[in-house]
Amino acid sequence: MYFSWVCEAYCYYTVDGGPDENPRYPKTLNAAYMAFRDNNLDALFVACHAPGHSAYNAVERRMAPLSHDLSGFILPHDHYGCHLDSSGKTTDSDLEIANFQKAGETLAEVWSQTVIDGYSVHASYVSSSEADLPVPSQSWCCEHVQQSQYCLQIIKCNDITCCGHRRTNYNEVFPDRFVASLMPFERTDSGISSAPCGDGSGTYGSLFH
């Protein structure tokens, strides 16, 4: 589940940090790479909140209406016939896939009637064959990607033969291309400066700050 903020030619996503959407994991990188490539973005950021801070996570808040719509709802597992034996083991793989697709289509139909923060939801079932994601090469990642526990950054390089011309003035704001690691800051009489490390002083800003 993603919450996205998009402006012109750069994009910011937050994920819930689960095992399938952590910024350090290959699936997240592959999905971000596809969005970066297909939309010709100058920069893309994927961030997640620290454990225990889910109350501040926009993804969690937006998932609540989806969970609410499924309260008491039973998805069919045997629409086209039962693919399980008496022990609960699969006896017909093709039938299992067909039943799974029907359950997914039913789920998409329910969620497509949902409205979140005044915006309608458009959900559709995607088969595993359609969900294959492009995989960037390691050499490409070395130049364009930085990953950490809480943030994934994909940034255009300075070689126009590789990434083409930028669509924004991103490099004027971040001449080093990648956003620096988060550090605590404090307000002083002379302005904002980095706070001493290790003594508990200072404040961590958001990714936007």
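The values are calculated or read from the model by the stated rules, or taken from the named source; none is laboratory data. The structure presented is a predicted model; accordingly, all values stated were derived computationally and were not measured. Every residue, glycine among them, receives a Cβ derived from its backbone with ideal geometry; neighbour counts consider all protein chains shown.
What the table below lists for this structure:
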read-out	value
Strands (runs of 3 or more DSSP E) fully within the range 82-188 counting 3 or more residues that are aliphatic (A, V, I, L, M)	151-155
Residue within the range 111-118 that is closer than 25 Å to residue 34 by Cα, modelled with pLDDT of 90 or more, exposed (fewer than 13 other Cβ atoms within 10 Å of the Cβ) and not basic (Lys, Arg) present	yes
Test result for residue 96, of a type in the set (Asp, Glu) and touching a residue at least 12 places away in the same chain (Cβ under 8 Å)	yes
Any hit, the range 118-134, residues being of a type in the set (Val, Ile, Thr) and in contact with a Ser or Thr (Cβ under 7 Å, 6 or more places away or on another chain)	yes
Any hit, the range 158-169, residues being without any contact (Cβ under 8 Å) to a residue 60 or more places away in the chain, in contact with a helix residue (DSSP H, G or I) (Cβ under 7 Å, 6 or more places away or on another chain) and not acidic (Asp, Glu)	no
Residue within the range 64-84 that is at pLDDT 80 or above, of a type in the set (A, V, I, L, M, F, W, C), surrounded by 13 or more Cβ atoms within 10 Å (Cβ to Cβ) and under 30 Å from residue 151 (Cα atoms) present	yes
Hey, residue 154 assigned by TED's automatic domain parsing to the domain that holds residue 84, in contact with a strand residue (DSSP E or B) (Cβ under 6 Å, 6 or more places away or on another chain) and modelled with pLDDT of 90 or more or not	yes
Of residues in the range 64-81 being touching a residue at least 24 places away in the same chain (Cβ under 8 Å) and in a loop (DSSP other than H, G, I, E, B), the one nearest to the chain's Cα centre (by Cα)	70
Which numbered condition residue 52 misses (of (1) more than 30 Å from residue 167 (Cβ to Cβ); (2) at pLDDT below 85; (3) surrounded by 10 or more Cβ atoms within 10 Å (Cβ to Cβ))	(3)
Restricting the range 74-111 to residues that are touching a strand residue (DSSP E or B) at 6+ places or on another chain (Cβ under 8 Å) and hydroxyl-bearing (Ser, Thr, Tyr), the residue that is nearest to residue 125 (Cα to Cα)	90
Set 105, 143, 109: member being more than 19 Å from residue 79 (Cα to Cα) and of a type in the set (D, E, K, R)	143
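So that you can scan it fast, the table gives a plain yes or no per residue for (1) at pLDDT below 85; (2) assigned by TED's automatic domain parsing to the domain that holds residue 62; (3) hydrophobic (A, V, I, L, M, F, W, C):
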| position | (1), (2), (3) |
| --- | --- |
| 133 | yes, yes, yes |
| 144 | no, yes, no |
| 150 | yes, yes, no |
| 166 | no, yes, no |
| 169 | no, yes, no |
| 188 | yes, no, no |
| 192 | yes, no, yes |
| 195 | yes, no, yes |
| 202 | yes, no, no |
